[in-house]
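Data block below; observations after.
The values are calculated or read from the model by the stated rules, or taken from the named source; none is laboratory data. Just so it is clear, the model here is predicted, and its values are computed rather than measured. Don't worry about glycine lacking a Cβ; one is built from the backbone with ideal geometry, like all the others, and counts go over all protein chains shown.
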Amino acid sequence: MLTYNLKDKIKQYISIYAELKSKLKWKVAHDQILMLISSAYIVNRREFDFQRFYDLSSYIKSNIGSFSTLNSHHRFTVASMLDIHFQHEAKQTFLIFIDVYDEMVTLGYKRDIFTYLAALILLTGKSETTTQKEQMNMGLSVYRQMKKNHSFLTSTQHIPLAVLLGENRNGLQALNKAETCYQLLAANGFKKGQYLHQVSHILALQSEKDPETLVSHYKHTYQSITDSFKKPKDYHHPDLALLTFLEEPDMKTVLAIAHELNQEKAFKWQKDMNVKMAVSLYLSEHMETNLLMESSLYTAIETVIQAQQAAVTAAIISTTASSQSFS
């Protein structure tokens, strides 16, 4: 079930997390954020150098305003993505990143961490059909229409996915496809709500397939994990949507990775996050096969994992903000 390569990825992931936890334990409040940062290095096949990463996070802190969101632990998330994608040019790229963010705010995006995360997606994107400015405009149009369609389910944490859907000039058409997926999934017995909302948008990113095919594939993936283990939590539905980028995902291997992580002392109380990490690690293995390396799926999966991680980070941030408001 677990190949040598996968075992090695798990080992690397645990090693990066342990180093981050040891050296940032007083700076990052949530272990889940360290888990996401660690997995990002594995998924993107980049070596981790703590000193380079930490120097970059310090550079970010010294080059933003006193009241910026990036003064908090969010700078570590941004530092990791810049380090992964730009490494030795990351400090110069950070200044470009801030310009992208400021331009998005000028266009009408809210000044918050989710716009920063969307700016990262724009900066690391590889669209050959639209300019960055066009994608900004289309992403905002998609988000506003998303808000009209589902006002109670849509918040600024959906901005990263809206920007991804706006990657080409057919962003609103892609959103219509997402809405069709949402209604078809509901008609097939899936509970309407924020997680199904997210699932539908991830499915719609697969431009080559029609909604009926996407929903059928999602149902098959859902049934596969239900038969192999148990009915998944609503929280994990977006992770199953990621697995539909593969024709025949092996759910037993995904669950074996999660089991390995559950055995680790550092992760034994993070079983829900371990499933998310298992999906990312499993997908990273398949992204390296020749078949995917030669296809557009490679970029699509890599980008959607990044957007999904942004959404998880957003959820953690939202929870933190809520708890702070009551304290």
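Would you mind stating whether Lys11 is at pLDDT 95 or above, in a helix (DSSP H, G or I) and under 30 Å from Thr253 (Cβ atoms)? In short, yes. Among residues of segment 38-63 that are within 19 Å of Ala18 (Cα to Cα) and without any contact (Cβ under 8 Å) to a residue 60 or more places away in the chain, those with a Cβ under 7 angstrom from a residue that is crowded, with 21+ Cβ neighbours inside 10 Å and of a type in the set (D, E, K, R), sequence gap 6+ or separate chain, pair up as Arg52/Asp83; Phe53/Asp83; Ser57/Arg75.
Does at least one position in segment 44-62 carry a residue that is surrounded by 13 or more Cβ atoms within 10 Å (Cβ to Cβ), more than 30 Å from Trp269 (Cα to Cα), within 22 Å of the chain's Cα centre (by Cα) and at pLDDT 95 or above? Within segment 44-62, one or more residues are surrounded by 13 or more Cβ atoms within 10 Å (Cβ to Cβ), more than 30 Å from Trp269 (Cα to Cα), within 22 Å of the chain's Cα centre (by Cα) and at pLDDT 95 or above. Just one of the listed residues (Thr154, Thr129) is in contact with an Asp or Glu (Cβ under 8 Å, 6 or more places away or on another chain), polar (S, T, N, Q) and not in a helix (DSSP H, G or I), namely Thr129. Within segment 1-38, the set of residues being under 18 Å from the mean Cα position of the chain (by Cα) and of a type in the set (Phe, Trp, Tyr) comprises Tyr13, Tyr17.
Counting only residues that are of a type in the set (Lys, Arg) and more than 26 Å from Glu212 (Cα to Cα), segment 235-284 holds 3 of them. Of Thr93, Thr77, all but one fail to be buried (at least 22 other Cβ atoms within 10 Å of the Cβ) and among the β-branched types (Val, Ile, Thr); the exception is Thr77.
Table: residues versus (1) under 15 Å from the mean Cα position of the chain (by Cα); (2) closer than 30 Å to Ile113 by Cα; (3) modelled with pLDDT of 70 or more.
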residue: Leu243; (1), (2), (3): yes, yes, yes
residue: Leu255; (1), (2), (3): no, no, yes
residue: Phe267; (1), (2), (3): no, yes, yes
residue: Ser325; (1), (2), (3): no, yes, no
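Taken over segment 85-116, the criterion of being polar (S, T, N, Q), closer than 19 Å to Pro160 by Cα and modelled with pLDDT under 95 is satisfied by Thr115 alone.
For every residue, the table says whether it meets (1) crowded, with 21+ Cβ neighbours inside 10 Å; (2) without any contact (Cβ under 8 Å) to a residue 24 or more places away in the chain; (3) under 15 Å from Gln198 (Cβ atoms).
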{"residue": "Leu123", "(1), (2), (3)": "no, no, no"}
{"residue": "Thr129", "(1), (2), (3)": "no, no, no"}
{"residue": "Lys133", "(1), (2), (3)": "no, no, no"}
{"residue": "Ser141", "(1), (2), (3)": "no, no, no"}
{"residue": "His150", "(1), (2), (3)": "no, no, yes"}
{"residue": "Ile159", "(1), (2), (3)": "yes, no, yes"}
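Out of everything in segment 269-290 that is under 12 Å from Leu246 (Cα atoms) and modelled with pLDDT of 90 or more, what residue ends up being surrounded by the most Cβ atoms within 10 Å (Cβ to Cβ)? Ranking the qualifying residues of segment 269-290, first place goes to Tyr282. Within segment 161-174, the only residue that satisfies the criterion of being surrounded by fewer than 24 Cβ atoms within 10 Å (Cβ to Cβ) and either modelled with pLDDT of 95 or more or small (Gly, Ala, Ser) (or both) is Ala174. Scanning segment 209-266 for residues that are among the acidic types (Asp, Glu) and either out of contact with any helix residue (DSSP H, G or I) (no Cβ under 7 Å at 6 or more places or on another chain) or surrounded by fewer than 18 Cβ atoms within 10 Å (Cβ to Cβ) (or both) yields Asp210, Glu212, Asp227, Asp234, Glu247, Glu248, Asp250, Glu264.
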